[in-house]
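*Asks:* Sharing a structure here in structure tokens format.
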Amino acid sequence: MENLFIKMGFKKYRAKQVTNWIYKKGVEDFQQMTNLSQEMRDILDKNVYIGTIKIVEKKASKIDGTEKYLYLLEDNNIIESVLMRHSYGNSICVSSQVGCRMGCRLCASTIDGFVRNLRAWEMLDQILQIKNSLENSLPITHVVIMGSGEPLENYDEVVKFIKLVNMPEILNISFRRITLSTCGLLPAIIKLAKEDIPITLSVSLHAPNDEIRNKIMPINKKYPISPLISTCKQ
Ligand code: SF4
């Protein structure tokens, strides 16, 4: 943001002001950013835009208040997020891809195959849209990357997203409160372990042995349970 603003001939601190509007106040229109001059708002309007995804449907569970959100992306693809209210805080489960190519038998996300990776901002906006749509701008304390998609197949954008979620200027959520769930892509788990981001890793095991797991999760034929467990320990 700072680089962009400097390139456009503005002072560096303007990036902070705009960041504050977008991420703290939930404002998505430059014209509403009242501490910027009218000239600056017009220049921003003309040269850059703030990408957004739109909530098109929301369903709430009568049992525990869990809310499922359906989003329309700018290219008309659809994804889902879930808001869960726990005693320890509010958690949002985000999608990392449109569809998924991993083919797990138990999962609806993979039925139509893989469509595309989500960009980091599209993952971030799943949280912002829910946060901004709720009264009193509900504090979000936890994030789980467990919606549609295999996050480690979209490695770079997911890592970028995790760092954005953690940034004090954006959501200020501790790495420890961010959970990435994978079906078990070993090389990517090893790569992730080397990043300086102490998040929680979760593995969708779904079966107690290779025989059963092979039948429901094709990835198990490539990366069986035993090497998966030792890689998780690493
Ligand atoms: S990796 Fe996750 S999203 Fe993809 S098919 Fe398996 S369970 Fe579904």
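The values are calculated or read from the model by the stated rules, or taken from the named source; none is laboratory data. Predicted model only: the values in this text are computed from it and were never measured. Virtual Cβ from ideal backbone geometry, glycine too; neighbours counted across all protein chains shown. To get the accessible areas, we keep the full protein, side chains included, count just its heavy atoms, and leave off ligands, DNA and RNA. Shrake-Rupley method; radii C 1.70, N 1.55, O 1.52, S 1.80 Å.
*Asks:* Starting from the Cα of Lys215, draw a straight line to each of the lysines and keep only those under 20 Å, dropping any in the same chain fewer than 8 residues away.
*Replies:* Once the sequence-local lysines are set aside, nothing remains near Lys215.
*Asks:* Two decimals is fine: what is log10 I(q)/I(0) at q = 0.07, 0.08, 0.10, 0.18 Å⁻¹ for the chain, from a Debye sum with one equal scatterer on every Cα and no solvent?
*Replies:* -0.26, -0.34, -0.53, -1.40
*Asks:* Sticking with this structure for a sec: Pull up the cross-link candidates among the lysines for Lys59, meaning alpha carbon to alpha carbon under 28 Å and not fewer than 8 places away within one chain.
*Replies:* Once the sequence-local lysines are set aside, what remains near Lys59 is Lys24, Lys25, Lys68, Lys131.
*Asks:* May I pose another question? Using a Cα-Cα cut-off of under 16 Å, which lysines could be cross-linked to Lys160, ignoring same-chain neighbours fewer than 8 residues away?
*Replies:* Partners found: Lys191, Lys194.
*Asks:* Okay, next question. Would you pull out the residues with amide H under 5 Å of Thr182's amide H, same chain only if 5 or more places away, H placed 1.01 Å from N?
*Replies:* Ser202, Val203, Ser204
*Asks:* I've got another one for you. Could you tell me which Cys residues in the chain have no other cysteine's Cβ under 4.7 Å from their own Cβ, answering none if every one has a partner?
*Replies:* Among the cysteines of the chain, those whose Cβ sits 4.7 Å or more from every other are Cys93, Cys100, Cys183, Cys232.
*Asks:* For the chain, give the share of DSSP beta bridges that are antiparallel, in percent and rounded to the nearest 5; count only bridges with both residues there.
*Replies:* In the chain, approximately 65 percent of DSSP beta bridges are antiparallel ones.
*Asks:* Across segment 5-22, in residue order, what do the Karplus-derived ³J(HN,Hα) couplings come to in whole Hz, using 6.51 cos²θ - 1.76 cosθ + 1.60 with θ = phi - 60° and x for Gly and Pro?
*Replies:* Per-residue couplings from phi come out as 5, 5, 4, 7, x, 9, 6, 4, 5, 4, 4, 5, 4, 5, 4, 4, 4, 6 Hz.
*Asks:* Here is a further query. Could you do me a favour and compute the accessible area per residue for segment 54-233, 1.4 Å probe, result in Å²?
*Replies:* About 51 Å² of surface per residue is accessible.
*Asks:* Choose one of Met40, Ser226, Ile199: the residue whose Cα lies farthest towards the positive end of the charge dipole of the chain (beta-carbon charges +1 Lys, Arg; -1 Asp, Glu; about the Cα centre).
*Replies:* Result: Ser226.
*Asks:* Here's something else I'd like to know. So what is Rg over Rh here for segment 104-234, counting just Cα atoms and using Kirkwood for Rh? It would help to have the intermediate numbers written out before the result.
*Replies:* Numbers: Rg = 15.8 Å, Rh = 15.9 Å.
A ratio of 0.99.
*Asks:* Quote the relative contact order of the chain in percent (integer), defining contacts as alpha-carbon pairs under 8 Å separated by 6+ residues.
*Replies:* 14
*Asks:* Another question, if that's okay. Per-residue counts of other Cβ atoms within 10 Å, averaged by peptide: what ranking do you get for 209-221, 84-96, highest first?
*Replies:* By packing density, highest mean first, the sequence is 84-96, 209-221.
*Asks:* Related question: Given H placed 1.01 Å from N in the peptide plane, which residues other than close sequence neighbours of Met146 have an amide H under 5 Å from its amide H?
*Replies:* HN-HN under 5 Å from Met146: Val94.
*Asks:* Moving on to the next point. Across segment 53-58, in residue order, what do the Karplus-derived ³J(HN,Hα) couplings come to in whole Hz, using 6.51 cos²θ - 1.76 cosθ + 1.60 with θ = phi - 60° and x for Gly and Pro?
*Replies:* Whole-Hz 3J(HN,Hα) from phi for segment 53-58: 10, 10, 6, 10, 7, 9.
*Asks:* Please work out the Cα center distance from segment 184-234 to segment 18-79, rounded to the nearest Å.
*Replies:* After rounding, the separation between the Cα centres reads 35 Å.
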